[in-house]
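Each remark here refers to the structure printed beneath this line.
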Amino acid sequence: MYNMARARHHLVSKTRQFTQASERRGMATVASGIPHLAASDLSSTNDRHHLNYISDSLAQRGIVKVSLNFADPSSQYLQSLIHSLHKHHGHRLPISHSASAGWFWDVRPAEDNFQTPTHQATSETMNKFPWHTDCCYENPIPRYFALQVLQHDRFGGGTLSVMNVARLMERLSSKTKQTLMQPEFKITIPKEFIKDSGVQDIVGSVLSTTSQGQHMMRFREDIFAPLTDEAQVALQELITTLRKPEIQEHASVQLAAHDLPSQSVILIDNWRWLHSRNNINDPERHLRRVRWDAVPFGQGMNHLEAAKTAA
C-alpha cells in the first residue's frame, strides 16, 4: 500500500531550456557534463547528425540525454532510434526482459499485475535501488540501456544517480581490482527475470578490461556472492567504497526531476556507469526501459576503442 502522505509536498518541474540559442541542431551539454540534444519529432532518429551525436556520445562518454519535443507515450522514438543504431552503427537489437516480457519494461510502482506474473521486481516498488548495473545476471549482457521518462516524480523522490566506473576504480586497491576480475562470484538471477527455469544463477567476474586497460563492471550487491575468501575481501572493499560519501562527489552525478523531466530520454553505457535511485515519492512516477547490444561481458568494446583511435 502506498503511503500517499509522502506525496504532500508538490514540486513544480518543467523541461530545461537549451542553454545557447546558437547551439547547432539542438546539441548541448547539461550542467552535469552529460551530452544533451533535442529531438524535434520522430524523424530525428533518421537524421544523420542526430544519430551520429548519440552514437559518438555513447562511444566516448558512455551517456547522453535527449529531450523529446513531442509526446511519445508508446516509445516510438526509442524503437526507431535503436533500429537506426543497429542499421548504421552496428548495435545489436534489444533483448527481452524475461520469459514473459519483451523489449520494453515499465519502471513504475505496482501493487499487483506485475510484468512477470507472481514476482514483483524492485523497479515495481517505491523503494530505493542501490548501485547496480542492469542485467548483470545475463550472458550475454546488454551493453546499453535507455530510460524514457513518461512521468517524473512530482514530489521530490525518484532521483536517478549515475556513477562513472573509471572514477570508482581510482579508489580501489590494485589487489582488489585484480581479484574482482576473476570468475569467483556466484550471480543469482532474480526470479522475475528468469528466462530458463533450469538456470537459476551464473558464475563470473565483477570486472573486465579492454585491450587498453579500461575497466568495465557488472554488479548488484544483493545477488552477488563471493566463492573464495579473496573474493569476499575484494567484494567487501567495493561495497564499502560505494557507500562512502566522498565517492558520491568524486564519481557520481545526481539527476533529479528537473534534470530528467517528463519527455526526457537518457541512454547509458551499462558497463561504464553504475546507476541507482532513491525512494520514490510519487506513485504515478513512470519510466520505460529498454536494453540492447548484448555481448559476452568484456567483449563488444570496439565502438569505444575505435572512437578513441579516431579522436
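Taking the criterion of being in contact (Cβ under 8 Å) with a residue 40 or more places away in the chain, assigned to a helix (DSSP H, G or I) and aliphatic (A, V, I, L, M), the residues of segment 48-80 that qualify are Ile54, Leu58, Ala59, Leu78. For Ser40, indicate whether it is more than 22 Å from the chain's Cα centre (by Cα), modelled with pLDDT of 95 or more and of a type in the set (Gly, Ala, Ser). Yes; evaluated as a whole, the condition is true for this residue. In this structure, does Leu172 turn out to be modelled with pLDDT of 95 or more, part of a loop (DSSP other than H, G, I, E, B) and either charged (D, E, K, R) or within 20 Å of Trp271 (Cβ to Cβ) (or both)? Taking the combined requirement at face value, the residue satisfies it. Every condition in (1) within 28 Å of Val149 (Cβ to Cβ); (2) aromatic (Phe, Trp, Tyr); (3) at pLDDT 95 or above is met by Phe193 except one, and the failing one is (3).
Would a scan of segment 32-47 turn up a residue that is exposed (fewer than 14 other Cβ atoms within 10 Å of the Cβ) and assigned to a helix (DSSP H, G or I)? Yes, the conditions are met somewhere in segment 32-47. Only one entry of His258, His275, His215 meets the criterion of being in contact (Cβ under 8 Å) with a residue 24 or more places away in the chain, surrounded by fewer than 17 Cβ atoms within 10 Å (Cβ to Cβ) and either under 30 Å from Ala38 (Cα atoms) or in contact with a Ser or Thr (Cβ under 8 Å, 6 or more places away or on another chain) (or both), and that entry is His258.
The values are calculated or read from the model by the stated rules, or taken from the named source; none is laboratory data. Computed from a prediction, not measured in an experiment: that's the story for all the values here. Because the Cβ atoms are built from the backbone with ideal geometry, glycine has one as well, and the counts that use them run over all protein chains shown.
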